[in-house]
Amino acid sequence: MEKLFQHISLLSNGKFTLPYCNCLWIEDDVNCLVDSSPPEEQWQHIANQPINLIVNSHGHSDHCSRNYTCPDAQVLMHPAEHKRVSNGDIYLRDYGFDLFPDDSVRPLYLAAVKYTPRPADGEIQDGQTISTGRVSFQVVSLPGHSAGHCGFLFPEQGFIFTADINPDSKPFFAMLDSDVDDFIYSIERLRSIGPELLVTGHGSALIKSNISKRLAAYRDILYQQEEKILSLLKSGKRTIRELAKEAVCYEGRLPQPQAVYYIHECMMDWKHLQRLERLGKVVNEGDNYYLAPGQRSVLQTLG
Ligand SMILES: [Zn+2]
């Protein structure tokens, strides 16, 4: 546990270890945990203290897995995240397990991510201020990763907790309600807020320098992935499953366990294709995707 500011500590092991995340622990009149999936040894620092309030950035299990161990805490998250934290089947559906079914993965997945249903008690909304006594922070809606994904701005301390907008990794947008345009909007929103410090939900947690530049580079990964998808369509790939084998969103190689990351890749390729369709660059017919006429080379148009 690392003290960041008066009353505010960081629970992190500095590594990207799923299904855990970096959390904030606010010791105040109201003891508040921001996200609740700290690494096990970090959890021990606060396990014996009263936790009055849990505010979750979103409803993914690697951000809210300890909610169920705190029955007396008030649990708040954006309403778009409520259903999936209450029901494992909805959680799996939201991750695309019904669209790209894999019976070898489905029964193991919820245990692997430490999913335990725990309904939220209340909602947070963009612009809302949450006060724990001496500390207060604002909810900043940052959709794209998921529809209800939120960051938390601490104006007095000059930092923002960005959860799964993390320039140290690759954008992840593999949910039914993920959206690439929203993701880009949220990255730009963070850049316009111009914080002095980002506290990210995974990895080394603290990003102190070149924040705007690093966020721009992170955004550009999305554009680069789309260029790659367009070139794959040009080379004759047609379906989401064909595209997913190329692992565009994982730099050409799916991480282990590959069966899980294949589903994530399918979902993210689909999300990119949806955006490319909106931009008029791609057309969809049944399971097949094609470059829009203006995007095709002369040869392909003739073909
Ligand atoms: Zn997430």
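Bear in mind that the values in this text are calculations on the coordinates, not laboratory data. Small disclaimer: the values here were computed from a predicted structure and weren't measured. Here Cβ is always computed from backbone atoms with ideal geometry, including for glycine, and neighbour counts include all displayed protein chains.
Results, tabulated for the structure shown:
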quantity: Ellipticity estimate at 222 nm from DSSP helix runs (n ≥ 4, -39,500 (n - 2.57)) divided over the chain, nearest 500; calculated: -9500 deg cm²/dmol
quantity: Assigned charges on the beta-carbon of Lys, Arg, Asp, Glu; segment 223-296 dipole about Cα centre (debye); calculated: 140 debye
quantity: DSSP-defined beta bridges in the chain - what % are antiparallel, rounded to 5; calculated: 70 percent
quantity: The chain: C-alpha pair distances exceeding 35 Å, %; calculated: 21 percent
quantity: Inter-part distance where segment 2-44 and segment 232-302 are each reduced to a Cα centre, Å; calculated: 38 Å
quantity: Assigned charges on the beta-carbon of Lys, Arg, Asp, Glu; the chain dipole about Cα centre (debye); calculated: 860 debye
quantity: Whole-Hz couplings from phi, Karplus 6.51/-1.76/1.60, listed for segment 110-127; x for Gly and Pro; calculated: 4, 5, 4, 9, 6, 6, 9, x, 7, x, 6, 9, x, 10, 10, 9, 3, x
quantity: Longest to shortest principal axis, alpha-carbon extents of segment 47-142, angstrom; calculated: 49, 32, 16
quantity: Lysines with Cα under 25 Å of Lys170, excluding same-chain neighbours fewer than 8 positions away; calculated: Lys15, Lys114, Lys208, Lys213, Lys228, Lys234, Lys237, Lys245, Lys271, Lys281
